[in-house]
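What follows is one structure encoded as structure tokens, with my remarks underneath.
The values are calculated or read from the model by the stated rules, or taken from the named source; none is laboratory data. Small disclaimer: the values here were computed from a predicted structure and weren't measured. For neighbour counting, all protein chains shown are included, and Cβ atoms are generated from backbone atoms with ideal geometry for every residue, glycine included.
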């Protein structure tokens, strides 16, 4: 039977939201003008943030969620407990499909929270966003 992991503390979630909101200042989005920032809570308890980075060759753009996760992995992390996505919009925005797949690689049971400039939020889990996900266990 799978062990249910405890939800991150309110303090950890506030720290995660502050990091996501703070990362928005670094968003490089001259083409879409759609700024996104994210932060991840790693298994170690450390927080890593990221922002979207666009490119004139659109296929080379990188989403905020993946930037944050790749920063965590580059620092040696291999487990993601929670992902916070921030958009300066009236409604929250959920991660795209590519980001959901990358979250699954390192946090198949991750809590995903999306916040915006209103009180609207999305709080869900990765399995709800990406049911039947393909992951490392499928390669065995």
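Go over the candidates 23, 19, 39 one by one and state the one that is touching a residue at least 40 places away in the same chain (Cβ under 8 Å) and part of a strand (DSSP E or B).
The match here is 39.
For the range 78-101, which positions are assigned to a loop (DSSP other than H, G, I, E, B), under 21 Å from residue 26 (Cα atoms) and touching a helix residue (DSSP H, G or I) at 6+ places or on another chain (Cβ under 7 Å)?
88, 94, 95
Within the range 127-140, take every residue that is modelled with pLDDT of 95 or more and not in a loop (DSSP other than H, G, I, E, B) and give me the one that is nearest to residue 26 (Cα to Cα).
Among those that are modelled with pLDDT of 95 or more and not in a loop (DSSP other than H, G, I, E, B), it is 129.
Residues in the range 57-65: is at least one crowded, with 17+ Cβ neighbours inside 10 Å, under 18 Å from residue 26 (Cα atoms), at pLDDT 95 or above and out of contact with any helix residue (DSSP H, G or I) (no Cβ under 6 Å at 6 or more places or on another chain)?
Yes, there is a match, as at least one residue in the range 57-65 is crowded, with 17+ Cβ neighbours inside 10 Å, under 18 Å from residue 26 (Cα atoms), at pLDDT 95 or above and out of contact with any helix residue (DSSP H, G or I) (no Cβ under 6 Å at 6 or more places or on another chain).
Here is a check on your reading of the model: is residue 47 buried (at least 21 other Cβ atoms within 10 Å of the Cβ), within 19 Å of residue 100 (Cα to Cα) and in contact (Cβ under 8 Å) with a residue 12 or more places away in the chain?
No, not satisfied.
Quick one: residue 112 ticks every box in (1) touching a helix residue (DSSP H, G or I) at 6+ places or on another chain (Cβ under 9 Å); (2) without any contact (Cβ under 8 Å) to a residue 60 or more places away in the chain; (3) not in a strand (DSSP E or B) except a single one, so which number is it?
Tallying (1) touching a helix residue (DSSP H, G or I) at 6+ places or on another chain (Cβ under 9 Å); (2) without any contact (Cβ under 8 Å) to a residue 60 or more places away in the chain; (3) not in a strand (DSSP E or B), residue 112 fails exactly one: (3).
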